[in-house]
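*Asks:* Please find one structure pasted underneath; my questions will follow.
The values are calculated or read from the model by the stated rules, or taken from the named source; none is laboratory data. Predicted model only: the values in this text are computed from it and were never measured. Here Cβ is always computed from backbone atoms with ideal geometry, including for glycine, and neighbour counts include all displayed protein chains.
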């Protein structure tokens, strides 16, 4: 392992992405998001994504020349077309649009179409919450889970994130995928020849399985059974039916280098508390709930661990595997 500063990590990622075909603005926005995720302890959405994105830029699964643009708007609603590029420039545009529209109209919905893998969705909602806004984010992903009663994957793991501003404290940030477990854990179990717990996945025939390899050939299960699957369906429809994006079953897996341009969808729903009970009332209600939560020993506020890790990373830097650092250096031509 080696330790580098967040700024060094961001600069290295930016150089690697630019050398792989991303235009400067795309490389910069993407590198910033990946370094922030790495600093917050979300390595799965951090620097390890750079080689994958570099491959997609080189083989055409992502268009490095794309620039996001607004293709439709009305009042608090806006649709951003990512143009088949990496998702982060479109997310940045949607975030900015949703913020001013929520202040102007009380509420805003920013949809994104023709997009790509969008990483840690807790980051954009946290930034919006730091501006005093309530924010929810949704994204679909390549098919990994069946619908209730089905066997074949139709929906992605479809993360949901939400952030609620607090008075004189970091926002409450909730960020989770809707599968029972991350696919990466099943992949590790398959590689090591270990069984997986029942309830994580089904095989290709839709039967519950503890065989990790059979699970990878089948489908992951939603957390909470049918209720979780239906929640994933809500995300799929919000992100795709409203934006014209591709459903999970229409997008090729990110675990394969070759495939189609995924055309995924994302959505930001942003609310100005001042348009409802009022900002002061909202702040008081949030703190009343936080006080009730923290009155019990062992309760951890959502987002607090990520905040602590990010603060530590800002002071001490981040650790990344030597092999990843070498790979990034090679991609950057350094």
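*Asks:* Which of the residues spanning the range 15-30 are more than 13 Å from residue 57 (Cβ to Cβ), without any contact (Cβ under 8 Å) to a residue 60 or more places away in the chain and in contact with a helix residue (DSSP H, G or I) (Cβ under 6 Å, 6 or more places away or on another chain)?
*Replies:* Across the range 15-30, the qualifying residue is only 28.
*Asks:* With out of contact with any strand residue (DSSP E or B) (no Cβ under 8 Å at 6 or more places or on another chain), free of Cβ contacts under 8 Å to residues at least 24 places away in the same chain and not in a loop (DSSP other than H, G, I, E, B) as the only criterion, which of 96, 92, 104, 54 stands out?
*Replies:* One residue alone meets the criteria, 96.
*Asks:* Now for a separate question. Name the residues in the range 13-28 that are assigned to a helix (DSSP H, G or I) and buried (at least 24 other Cβ atoms within 10 Å of the Cβ), would you?
*Replies:* 13, 16, 17, 26, 27
*Asks:* Take residue 227 and tell me if it is exposed (fewer than 15 other Cβ atoms within 10 Å of the Cβ), modelled with pLDDT under 90 and over 18 Å from the mean Cα position of the chain (by Cα).
*Replies:* No; evaluated as a whole, the condition is false for this residue.
*Asks:* Here's something else I'd like to know. Just for the range 29-51: of the residues that are part of a helix (DSSP H, G or I) and in contact with a strand residue (DSSP E or B) (Cβ under 9 Å, 6 or more places away or on another chain), which one is surrounded by the fewest Cβ atoms within 10 Å (Cβ to Cβ)?
*Replies:* Top of the filtered list is 43.
*Asks:* Can you pull out the residues in the range 274-298 that are under 19 Å from residue 100 (Cα atoms) and out of contact with any helix residue (DSSP H, G or I) (no Cβ under 6 Å at 6 or more places or on another chain)? So that I can check it myself, show each step before the final result.
*Replies:* Residues of the range 274-298 that are under 19 Å from residue 100 (Cα atoms), as a first pass: 274-276, 278-279.
Result: 274, 275, 276, 278.
*Asks:* Tell me, please, whether a residue that is crowded, with 19+ Cβ neighbours inside 10 Å, more than 30 Å from residue 58 (Cβ to Cβ) and either without any contact (Cβ under 8 Å) to a residue 60 or more places away in the chain or not assigned by TED's automatic domain parsing to the domain that holds residue 116 (or both) can be found in the range 289-297.
*Replies:* The answer is no; no qualifying residue exists.
*Asks:* Under 6 Å between Cβ atoms, at least 6 apart or on separate chains: pull out the pairs that start in the range 239-257 with a residue that is exposed (fewer than 15 other Cβ atoms within 10 Å of the Cβ) and end on any residue that is not in a loop (DSSP other than H, G, I, E, B).
*Replies:* Qualifying pairs under 6 Å: 257/55.
*Asks:* If I ask for residues that are more than 24 Å from residue 230 (Cβ to Cβ), surrounded by 21 or more Cβ atoms within 10 Å (Cβ to Cβ) and either out of contact with any strand residue (DSSP E or B) (no Cβ under 7 Å at 6 or more places or on another chain) or free of Cβ contacts under 8 Å to residues at least 40 places away in the same chain (or both), which ones from the range 171-189 would you list?
*Replies:* Result: 189, single match.
Residue by residue, here is whether (1) assigned to a loop (DSSP other than H, G, I, E, B); (2) modelled with pLDDT of 95 or more; (3) surrounded by fewer than 24 Cβ atoms within 10 Å (Cβ to Cβ); (4) in contact with a helix residue (DSSP H, G or I) (Cβ under 7 Å, 6 or more places away or on another chain) holds:
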| position | (1), (2), (3), (4) |
| --- | --- |
| 112 | no, yes, no, yes |
| 117 | yes, yes, yes, yes |
| 135 | no, yes, no, yes |
| 147 | yes, no, yes, yes |
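*Asks:* What is the residue count in the range 158-189 for residues that are over 20 Å from residue 306 (Cβ atoms) and modelled with pLDDT under 85?
*Replies:* Matching residues across the range 158-189 total 3.
*Asks:* So residue 316 ticks every box in (1) under 21 Å from residue 133 (Cα atoms); (2) surrounded by fewer than 16 Cβ atoms within 10 Å (Cβ to Cβ) but one. Which box is left unticked?
*Replies:* Failing condition for residue 316: (1).
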